[in-house]
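Below is one structure, written out as structure tokens, with a few remarks after it.
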Amino acid sequence: MATQNDSAPWWSWVWPAAAWATILVAGFLGVSPALAAVAGVVLIGTVFAAVHHAEVIAHRIGEPFGTLVLAVAVTVIEVALILSIMVAAPEAKAGLARDTVYAAVMIVCNGIVGLSLLIGGVRHHEQGFQLQGASAALAVLAAMTMLTLVVPNVTTSAPGPEFTKAQLAFAGIVSLVLYCGFLFVRSVSHRDYFLAASDGNEDAHAPPPSLSVATVSMIALVSSLVSVVVLAKLLTPSVEAALAAVSAPKSVVGIVIAGVVLLPECLAALRAARANRLQTSLNLALGSALASIGLTIPAVAAVAIAMDLPLQLGLGVKDEVMLALTLFLGVITLGTGRTTVLQGVIHLTIFASFVFFAIIP
């Protein structure tokens with residue numbers, strides 16, 4: 001959680017201002033390779049700024065709505081990046097939402113969790129966490145991923161990896177219900193499953209920001225999110241051209257989007273693990289994966305239905321195997337409430353395999 005005081009860090013204002021300045025320059029001069037590189041850096045910085053302002057608002061309004069504000073802010077960024085590319089080329093980008101959500105799950109469950117366990121294991125030898133909370137998150141994650149990314153391959157009403165509109169609407173509703181159920185358990189009915197006395201999180205007891213500070217952060221959050229959407233639209237041709245130049249598969253675009261969106265949460269989770277607050281680290285990581293599916297799929301499904309866009313959600317056989325392996329290992333490695341460096345190495349090995357086979361399928 002961001003430090004809550006009456007003076008926001010300078011970078012939380014500089015990045016959004018730089019984003020709008022970059023957009024204005026691109027509007028007058030076009031997107032040159034040099035400007036595209038600058039815009040990429042500014043985009044990442046603005047994502048960090050948006051998450052910071054969302055955290056300020058979340059701390060002001062408290063749980064359970066605070067958690068939802070942060071999740072919605074991150075999801076808006078993810079959905080905007082997906083839709084800005086999909087709308088430009090509906091047929092060619094029909095599988096982008098699937099690739100992005102799948103990449104988010106693999107990055108979180110293997111990359112972020114693996115690095116957290118590795119860093120925590122090296123520094124603290126062995127770390128503990130609440131088994132009930134991790135089990136609940138993994139159960140919801142397994143249900144969401146299978147229903148939205150695997151079931152489309154076995155339904156018969158529509159060909160291939162696609163749902164019919166009715167099935168797509170049902171999948172979106174189910175994903176939202178599962179996420180809301182998890183949010184209720186996480187924030188209201190069983191909060192103790194996700195808390196650890198050893199966390200020592202000083203920010204949890206920090207006084208909330210004033211109403212004026214929260215209001216200013218709300219304005220800055222909206223400005224940051226809008227600028228991220230516009231920058232993503234400007235950068236789309238450059239990203240696709242760069243991937244085509246190195247002959248990378250189209251699915252790599254989804255990995256890039258997921259990586260940008262999850263970067264702030266990744267750094268926060270790694271800091272928590274290094275400070276021997278593995279519970280906080282897992283809450284951040286697994287919560288991000290759940291929000292990525294539970295909010296992104298319903299939003300993308302609603303837009304796809306409303307605009308009659310093609311949407312492919314079913315994974316290929318290779319990705320189904322990697323997803324099943326990830327969920328299976330998650331149950332084992334997080335099934336005791338204690339972790340060592342070995343679990344981190346295992347998850348990072350699977351993450352490296354995911355990236356390798358995504359580039360060289």
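The values are calculated or read from the model by the stated rules, or taken from the named source; none is laboratory data. The model shown is predicted, which means the values in this text are computed figures rather than measured ones. Cβ: placed from backbone, ideal geometry, glycine included. Neighbour counts: every protein chain shown.
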inquiry  = Going residue by residue through region 68-78, is there one that turns out to be surrounded by 23 or more Cβ atoms within 10 Å (Cβ to Cβ) and at pLDDT 80 or above?
reply    = yes
query = How many residues are surrounded by fewer than 17 Cβ atoms within 10 Å (Cβ to Cβ), at pLDDT 90 or above and among the small types (Gly, Ala, Ser) if we restrict to region 1-25?
reply = 2
ask   = Which pairs have Cβ atoms under 9 Å, sit 6 or more apart or on different chains, and link a residue in region 241-269 that is without any contact (Cβ under 8 Å) to a residue 60 or more places away in the chain and farther than 19 Å from Ala36 by Cβ to one that is assigned to a helix (DSSP H, G or I) and of a type outside the set (D, E, K, R)?
value = Leu267/Phe48; Ala268/Val51; Ala268/Thr280; Ala268/Ser281; Ala268/Leu284
ask   = If you go through region 224-238 one residue at a time, do you hit one that is part of a helix (DSSP H, G or I), in contact with a Leu (Cβ under 9 Å, 6 or more places away or on another chain) and more than 30 Å from Phe354 (Cα to Cα)?
value = yes
inquiry  = Please verify whether Ala92 is under 18 Å from Leu329 (Cβ atoms), among the aliphatic types (A, V, I, L, M) and surrounded by fewer than 23 Cβ atoms within 10 Å (Cβ to Cβ), treating the condition exactly as stated.
reply    = no
query = Tell me, which residue of region 316-344 that is over 22 Å from the mean Cα position of the chain (by Cα) and aliphatic (A, V, I, L, M) is surrounded by the most Cβ atoms within 10 Å (Cβ to Cβ)?
reply = Val341
ask   = Can you name the residue in region 205-224 that is in contact with a Ser or Thr (Cβ under 9 Å, 6 or more places away or on another chain) and modelled with pLDDT under 85 and is also farthest from Val74 (Cα to Cα) among such residues?
value = Ala206
query = Looking at region 270-348, what helices (runs of 4 or more DSSP H) fall wholly within it and have at least 2 residues that are touching a Phe, Trp or Tyr at 6+ places or on another chain (Cβ under 6 Å) and within 22 Å of Gln127 (Cβ to Cβ)?
reply = 278-294
ask   = Just wondering, is there one or more residues in region 156-176 that are surrounded by 15 or more Cβ atoms within 10 Å (Cβ to Cβ), in contact with a Gly (Cβ under 6 Å, 6 or more places away or on another chain), not acidic (Asp, Glu) and not in a helix (DSSP H, G or I)?
value = yes
remark   = Just one listed residue, out of Ala171, Ala142, Ala158, Ala103, is of a type outside the set (Lys, Arg) and farther than 16 Å from Gly314 by Cβ, and it is Ala142
task = Please give the helices (runs of 4 or more DSSP H) falling wholly within region 11-130 in which 2 or more residues are under 17 Å from the mean Cα position of the chain (by Cα), more than 28 Å from Leu147 (Cβ to Cβ) and aliphatic (A, V, I, L, M).
result = 33-61
request  = Please find, within region 26-54, the residue that is modelled with the lowest pLDDT out of those that are among the β-branched types (Val, Ile, Thr) and within 18 Å of Ser224 (Cβ to Cβ).
outcome  = Val51
message = Where the second residue is of a type in the set (Gly, Ala, Ser) and not in a helix (DSSP H, G or I) and the first is in contact (Cβ under 8 Å) with a residue 40 or more places away in the chain and surrounded by 24 or more Cβ atoms within 10 Å (Cβ to Cβ) and lies in region 98-120, which pairs have Cβ atoms under 8 Å and are six or more apart or on separate chains?
response = Arg98/Gly314; Asp99/Ser251; Ala103/Ser251
